[in-house]
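Chemist: Would you mind keeping the following structure in view while I ask a few things?
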Amino acid sequence: MNRLEIHDLYVRVGEKTILKGINLEIPEGESHILFGPNGCGKTSLLMSIIGYPEYKITKGKIIYKGKDITNFAIDERAREGIGISFQKPPSVKGVTLRKILNTLKDGETVLDGFIGTLKMEEYLDRDINLGFSGGEVKRSELLQLIYQNPDFVMFDEPESGVDVENIRIIGNVIKKFLYPEKTCSLKQCQKSALLITHTGFIMDYINTDKAYVMMEGEVLCSGNPEKIFSQIQKCGFKECTRCQ
């Protein structure tokens, strides 16, 4: 099954321990959301799951589809069906968007429909993200992720740095990608997702099943996404600390 399990995960970057005993489970077909202030370790968690080499796991396990992938390389995790949309993806000079999409494409022509939905037709023959606006970069990154077509998807603040129109486009496309119609010919599986958000705008488009609050590298609480986000808006993250 497309299930992610994280058990007592400790992660170090350089000499500093960033994650301290993270435990969470994301079942097949569920979308979970992660809240927390800047610098608390949210992006570090996503980087650790995808296997970015700078993030060293010193304790704990990551189990995906029943396999212990704790020591898998980043490309091995991608082949297992894990994908990520970065908050600040790089520009790639000399590689066009069309070329990377053709490399990723697995023959399912339905994916081509997302090019128009994300309004990326005129960017296909431009170098990846080079000279793109904030919204264009986000749409480009999302399109590349869709062509990878992972089973477990991570989104690092997909709505940050973009205007209202781009949030609407991105939100609707993520919703369609995570919950395709039964007639859609995308890979037949129930996708799972983990999202990071500061603004909460993405929740207007995606029905998340569970929320977590992270502070200083630890998950302090979990529960109903709307209730937790409402409490954060009302009282801030310090209230979570007092609650604990």
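Chemist: I'd like the antiparallel share, as a percent to the nearest 5, of DSSP beta bridges with both residues in region 117-223. Write out the running numbers ahead of the final one.
Modeler: Working: 5 of 10 bridges.
Taking every DSSP beta bridge within region 117-223, about 50 percent pair in antiparallel fashion.
Chemist: Would you mind computing the Rg to Rh ratio of region 1-87 from its alpha-carbon coordinates, Kirkwood style for Rh? Show your work: numbers first, answer last.
Modeler: On the way: Rg = 12.3 Å, Rh = 13.2 Å.
That ratio is 0.93, to two decimals.
Chemist: Ok, one more. With springs only between Cα atoms under 10 Å apart, run a GNM on the chain and tell me which of Glu157, Glu15, Glu121 wobbles the most.
Modeler: Judging by the Gaussian network model, the answer is Glu15.
Chemist: For the chain, what is the percent of antiparallel DSSP beta bridges, rounded to the nearest 5? Working shown, then result.
Modeler: Working: 24 of 41 bridges.
Close to 60 percent.
Chemist: For region 51-93, restrict the atom set to alpha-carbon positions and state the Rg and Dmax in Å.
Modeler: In Å, with Rg to one decimal and Dmax whole: 12.2, 38.
Chemist: For every helix of n ≥ 4 consecutive DSSP H residues, a contribution of -39,500 (n - 2.57) applies; sum these over the chain, divide by its total residues, and give [θ] at 222 nm rounded to the nearest 500 deg cm²/dmol.
Modeler: On the way: 8 runs with 75 residues, N = 244.
Helix contribution divided over all residues of the chain: -9000 deg cm²/dmol.
Chemist: Which is farthest toward the positive dipole end of the chain among Gly41, Gly83, Ser192, measuring Cα position about the Cα centre, with Cβ charges +1 (Lys, Arg) and -1 (Asp, Glu)?
Modeler: Value: Gly41.
Chemist: Something else about it: Of the residues Gln148, Gln233, Gln190, which exhibits the maximal mean-square fluctuation in a Gaussian network model of the chain defined by a 10 Å Cα contact cut-off?
Modeler: Between Gln148, Gln233, Gln190, it is Gln233 that shows the largest mean-square fluctuation.
Chemist: Sort out for me the Cα centre separation of region 209-223 from region 24-83, rounded to whole Å.
Modeler: Cα centroid of region 209-223 versus Cα centroid of region 24-83: 15 Å apart.
Since every read-out is calculated from the coordinates, none of them should be taken as a lab result. If you're wondering where the values come from, they're calculated on a predicted model, not measured in any experiment. Quick reminder, even Gly has a Cβ in these numbers, built from the backbone with ideal geometry, and neighbours come from all protein chains shown.
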